[in-house]
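Student: If you scroll down you'll find the structure; I have some questions about it.
Each value in this text was obtained by applying a stated rule to the coordinates, not by laboratory testing. Since the structure is predicted, the reported quantities are computational estimates derived from the model, not experimental observations. When we count neighbours, we look across all protein chains shown, and the Cβ atoms used for this are built from the backbone with ideal geometry, even at glycine.
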Amino acid sequence: MNRFEGPLATTLGDAILRDVTLRDGLQLTGKLLPTEQKIETVRELLRLGVPAIELGSMARADLVPTMANTLEVVQALTPEELEKCWIWVATPGHVAKAAAAGARNFQYCLSASDSHNKANIGRTTDQSLAALPEAVEYARAVNGLIQLCIATSFTCPFEGYVPEERILAIANDPRAEGTTDIVICDTLGQAVPAQVSRLITRVRDESPARRIVYHGHDTWGLGVANTLAAIQAGAAMVDGALGGLGGCPFAPGASGNTSSEDILFATRPEWLTPGTFGGLVALSEKLLAELGESNRSKAAQGARSRADAFDWVMPAATPTTAQGN
């Protein structure tokens, strides 16, 4: 049930969460999760009600080893499950390979700054844009969807502030025709809510009509605030990762994604109940323990508090009593 009252109930409830734990969340962990565990994580997220998932990346395994088994995950999922899953791509070849494995939703990523695009993808931003029409055609050939994802939309680790006009120029580039969504990324987590609201509003008003997606990081503690600002400005999908996992290996200073648990606790979509929220916290804790990572989610920590009168707090585990002769 949506537990808000007043005008924010519909304003915040309209956007959907895409959980990016299995892509952005795993990039800096240094540990490759087994294929079966990734498949189980996708299915548990879907079972709990998460409407969209980024399940992995086509990045080279020698550069991002934690993504090495992404296509095996894609091949194991059903078409119905894959309808709710996205895969990170950066070239037309990535789209073709992922589509052959069964993927139908593609996030084509490039950076607003040439320096980061060269570090992340090995080419200039313009070269990535020049290849985009071919990527769109591969997606269309399988009746798929493809997003234009703009990393470093606010700041670049090598160049500093990125002008809004640069983002709008990419958003309006005719080579991006056919993309269904546009993803605005605060890759370093250095933006503040006023910046996020202004850029999302400008993209909404000054570029072709597409669904707007916001991808934020919590490096400076404003992940949830920025996400709410994006939603109120018109973002219809927002990204988060369980436990606040994540960061870009090619962006010095980038830390974890905004926590999925924190976003969900703040927005309270219709499908979220204290029970499903507890299930997500438990899934996050299990995954983080496997990876040896700390839990950065404040909402998950709150769910384990002793404030028993609050219905979002998880019931304490019932101790077991040893029996026998």
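Student: Hey, any hits in segment 147-155 for a residue that's buried (at least 16 other Cβ atoms within 10 Å of the Cβ) and in a helix (DSSP H, G or I)? First the steps, then the outcome.
Tutor: Of the residues in segment 147-155, the ones buried (at least 16 other Cβ atoms within 10 Å of the Cβ) are 147-155.
From the residues that got through so far, the ones that are in a helix (DSSP H, G or I) too are none.
Within segment 147-155, none of the residues are buried (at least 16 other Cβ atoms within 10 Å of the Cβ) and in a helix (DSSP H, G or I).
Student: Based on what the data block shows, is Thr227 touching a residue at least 12 places away in the same chain (Cβ under 8 Å), assigned to a helix (DSSP H, G or I) and hydroxyl-bearing (Ser, Thr, Tyr)?
Tutor: Values: touching a residue at least 12 places away in the same chain (Cβ under 8 Å): yes; assigned to a helix (DSSP H, G or I): yes; hydroxyl-bearing (Ser, Thr, Tyr): yes.
In short, yes.
Student: Scan (1) in contact with a helix residue (DSSP H, G or I) (Cβ under 6 Å, 6 or more places away or on another chain); (2) of a type in the set (Val, Ile, Thr); (3) farther than 14 Å from Glu134 by Cα for the single condition Val89 breaks and write down its number.
Tutor: Condition (3) is where Val89 drops out.
Student: Let me ask something else about it. Being in contact with a Pro (Cβ under 6 Å, 6 or more places away or on another chain) and closer than 21 Å to Gly25 by Cα is the filter; apply it to segment 222-246 and report the residue that is surrounded by the fewest Cβ atoms within 10 Å (Cβ to Cβ). Write out each step before concluding.
Tutor: Here is the first cut: in segment 222-246, the ones in contact with a Pro (Cβ under 6 Å, 6 or more places away or on another chain) are 225-226, 229.
Narrowing further to those that are closer than 21 Å to Gly25 by Cα: 225-226.
Working: Ala225: 17, Asn226: 28.
Out of the qualifying residues, it is Ala225.
Student: Any idea which of Val183, Val192, Val162, Val203 is in contact (Cβ under 8 Å) with a residue 60 or more places away in the chain, of a type in the set (Val, Ile, Thr) and either in contact with a Leu (Cβ under 8 Å, 6 or more places away or on another chain) or surrounded by 18 or more Cβ atoms within 10 Å (Cβ to Cβ) (or both)?
Tutor: Working: Val192 fails: in contact (Cβ under 8 Å) with a residue 60 or more places away in the chain; Val162 fails: in contact (Cβ under 8 Å) with a residue 60 or more places away in the chain; Val203 fails: in contact (Cβ under 8 Å) with a residue 60 or more places away in the chain.
Exactly one of Val183, Val192, Val162, Val203 is in contact (Cβ under 8 Å) with a residue 60 or more places away in the chain, of a type in the set (Val, Ile, Thr) and either in contact with a Leu (Cβ under 8 Å, 6 or more places away or on another chain) or surrounded by 18 or more Cβ atoms within 10 Å (Cβ to Cβ) (or both), namely Val183.
Student: Turning to a different aspect of this structure: Would you be able to tell me the number of residues in segment 103-135 that are part of a loop (DSSP other than H, G, I, E, B) and over 19 Å from Thr179 (Cα atoms)? Outline the logic, then answer.
Tutor: Restricting attention to segment 103-135, the residues satisfying the condition of being part of a loop (DSSP other than H, G, I, E, B) are 103-104, 112-113, 122-124.
Still in the list and also over 19 Å from Thr179 (Cα atoms): 113, 122-124.
So the answer is 4.
Student: Something else about it: What helices (runs of 4 or more DSSP H) lie completely within segment 7-91 and have 1 or more residues being closer than 18 Å to Asp262 by Cα, touching a residue at least 24 places away in the same chain (Cβ under 8 Å) and within 18 Å of the chain's Cα centre (by Cα)? Break it down into steps so the answer makes sense when it comes.
Tutor: Details: elements: 8-13, 35-48, 70-76, 79-82.
So the answer is 8-13, 35-48.
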